[in-house]
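Before any comments, here is the structure.
The values are calculated or read from the model by the stated rules, or taken from the named source; none is laboratory data. This is a predicted model, so every value here is computed, not measured. Glycine also receives a Cβ, built like all others from the backbone with ideal geometry; neighbour counts cover every protein chain displayed. Please note that ligands, DNA and RNA were not included when accessible areas were found on the heavy atoms of the full protein model with its side chains. Shrake-Rupley method; radii C 1.70, N 1.55, O 1.52, S 1.80 Å.
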Amino acid sequence: INAVAERLDEKEENVTLILETIVDEIANRLRNGEKVKIHGFGNFETRSYGKRNCYNPQTGKIITLAESVQPAFVPGGKFRLMIQK
């Protein structure tokens with residue numbers, strides 16, 4: 001937030017509000033089952049995982065994980081190129 005505020009010569013409070021609004025909107029869309037595409041950046045989507053058994057390495061016991069829906073991010077090609085050295 002500090003870096004963006006400096007770069008845009010904007011108040012940190014405004015940048016914080018904008019970022020929180022964007023994140024909140026992405027979360028709301030995902031909660032409603034939509035995909036969110038940000039051109040040049042990537043795609044946000046949800047992935048469903050069924051009930052499954054897993055091994056707990058601390059206790060050595062098998063535990064059952066409940067069904068869940070998790071957010072996922074798939075970076076876009078342009079973004080991937082931007083972070084390559």
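A compact table of results
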quantity: Hits among lysines - C-alpha to C-alpha of LYS35 under 23 Å, sequence gap 8 or more where chains match; calculated: LYS78
quantity: Residue among GLY42, GLY50, GLY33 with the largest mean-square fluctuation in a Gaussian network model of the chain, springs linking Cα atoms under 10 Å; calculated: GLY50
quantity: Residue-averaged [θ]222 nm for the chain, counting only DSSP H segments that reach four residues, each worth -39500 (n - 2.57); calculated: -12000 deg cm²/dmol
quantity: Using distinct alpha-carbon pairs, which all enter the 1/r mean, Kirkwood radius of the chain in Å; calculated: 16.1
quantity: Candidate lysines - alpha carbon under 28 Å from LYS11, same-chain residues fewer than 8 apart omitted; calculated: LYS37
quantity: Straight-distance crosslink candidates among lysines, where the alpha carbon sits under 22 Å from LYS61 and sequence neighbours closer than 8 are dropped; calculated: LYS51
quantity: Dipole magnitude (debye, nearest 20) for the chain, charges at Cβ of Lys, Arg, Asp, Glu; calculated: 760
quantity: Label-point gap, in nm, between ARG47 and ASN2 - each point 7 angstrom along Cα→Cβ; calculated: 3.4
quantity: Accessible area (Å², 1.4 Å probe, nearest 10) - VAL4; calculated: 70
